[in-house]
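The values are calculated or read from the model by the stated rules, or taken from the named source; none is laboratory data. Model, not experiment: these values are computed from the prediction. Here Cβ is always computed from backbone atoms with ideal geometry, including for glycine, and neighbour counts include all displayed protein chains.
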Amino acid sequence: MKTKKLIRIALILAVAGGILGVGTVLYIFNKPHRDVLATEADYSLTNSQIISEYLENKITADDKYLSADGNSKILEVTGTISKISENYNSNMVILLKEESDKAGVSATFTAETNHKISDLKIGEIITVKGVIRSGASYDDDLELYEHVILEKSDLISQL
Amino acid sequence: MKNKRLFSIALAVLMTASAFSRTGDKLVSSKSHIKFYSHTAMEDIEANNYASVSTLNTKTGDVVFSVPMQGFEFENASMQKHFNQEKFLDTKDHPKGKLVAKIANFDDIDFSNDGVYEVIVEGNLTIKGTTKSLKEKGTVRVKDGIVSIESKFPITLADYGISFAKGKPSTNIAKTVEVTVIGEYTAE
């Protein structure tokens, strides 16, 4: 009788453990992407500040802003709109660049946030939030300064 | 004195003309699409990147793509995390992928008129700090003054130090993946 009870407990524990294990694996595998729009920014700065950080020392800046798992820092960047375009995924792209800077910050919006910038014009000063994908630097092959790239962007405010 | 003045004017005109031609020769694209596609019996995996910068020199046929590796987006968040991590693409230490190539038969292309041209793209592809040569077919389109380039080619992941001996990645990720590269250019 005692053995039967022990077996029953062991079976219940094994099934419970199995369900928990499968549940954990399924949760980890199907975990949704980080919601950049709903997450608070890690840093708030101007486009000129981050460009100067990157052009001064790219390795230090990459170390500060990029994360090994791709969920890199979320930045709030303020600057002047110098270009508005659309990418191949039909999302709006705004370049925040000051005339005196060698590079700017390119912010790609999303299907949910594209409409917020439809009335913006070149020359306006705005603050955007987005996740950094890569930094600014001079590329010898392109023979161009590459911009800081932000994606999953949202409009925070406009002056 | 008059000769000196004429010489100065000629020099100024020449310098201006040369500056314009240099700018005009290099087309820049920030409207791009890079896609990785992996097919196995277990599953198909796709990652898309819309944030690359590219240049195309219409005088030399030089083509460059600079690809921010953290810009690849997967449907599955867990896969995207793995893609970025050290044992996969190590995108923190190698944030950019790069294609530096030349259109071998660029003399065939008339950039001033609409047309579709089959081209051979030859050069080097750098991923995760490893550079390998490639020679692939591509298509250049000229339409209403807009130039675009497209190429689709296979890459073997192990050539770039990306290999999986065991676990799910070894069965679910193809050893050779298909890369699609598209860029649309405007004058700089």
When the residues of segment A:109-134 are filtered to those that are assigned to a strand (DSSP E or B) and buried (at least 21 other Cβ atoms within 10 Å of the Cβ), which remaining residue is nearest to the chain's Cα centre (by Cα)? A:131
Based on what the data block shows, is residue A:118 more than 10 Å from chain B (Cβ to nearest Cβ) and of a type outside the set (Val, Ile, Thr)? yes
Residue B:165 vs (1) modelled with pLDDT of 95 or more; (2) surrounded by fewer than 19 Cβ atoms within 10 Å (Cβ to Cβ); (3) hydrophobic (A, V, I, L, M, F, W, C): all pass except (1)
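Based on what the data block shows, is residue B:166 of a type in the set (D, E, K, R), over 24 Å from residue B:51 (Cα atoms), more than 17 Å from the chain's Cα centre (by Cα) and outside any helix (DSSP H, G or I)?
yes
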Mind telling me which of the residues A:106, A:157, A:153 ends up being in contact with a Gly (Cβ under 7 Å, 6 or more places away or on another chain), outside any loop (DSSP other than H, G, I, E, B) and polar (S, T, N, Q)? A:153
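Matching residues to (1) within 12 Å of the chain's Cα centre (by Cα); (2) touching a residue at least 60 places away in the same chain (Cβ under 8 Å):
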| position | (1), (2) |
| --- | --- |
| B:89 | no, yes |
| B:92 | no, no |
| B:98 | yes, no |
| B:102 | yes, no |
| B:105 | no, no |
| B:115 | no, no |
| B:129 | no, no |
| B:132 | no, no |
| B:136 | no, no |
Pairing a residue in segment B:158-183 that is touching a residue at least 60 places away in the same chain (Cβ under 8 Å) and away from chain A (no Cβ under 14 Å) with any residue that is surrounded by fewer than 19 Cβ atoms within 10 Å (Cβ to Cβ) and aliphatic (A, V, I, L, M), where Cβ atoms lie under 7 Å and the two sit 6 or more apart in sequence or on different chains, gives B:171/B:42; B:177/B:155; B:179/B:155
When you go through B:128, B:92, B:87 one by one, which is the residue that is of a type outside the set (Val, Ile, Thr), more than 9 Å from chain A (Cβ to nearest Cβ) and more than 23 Å from residue B:152 (Cβ to Cβ)? B:87
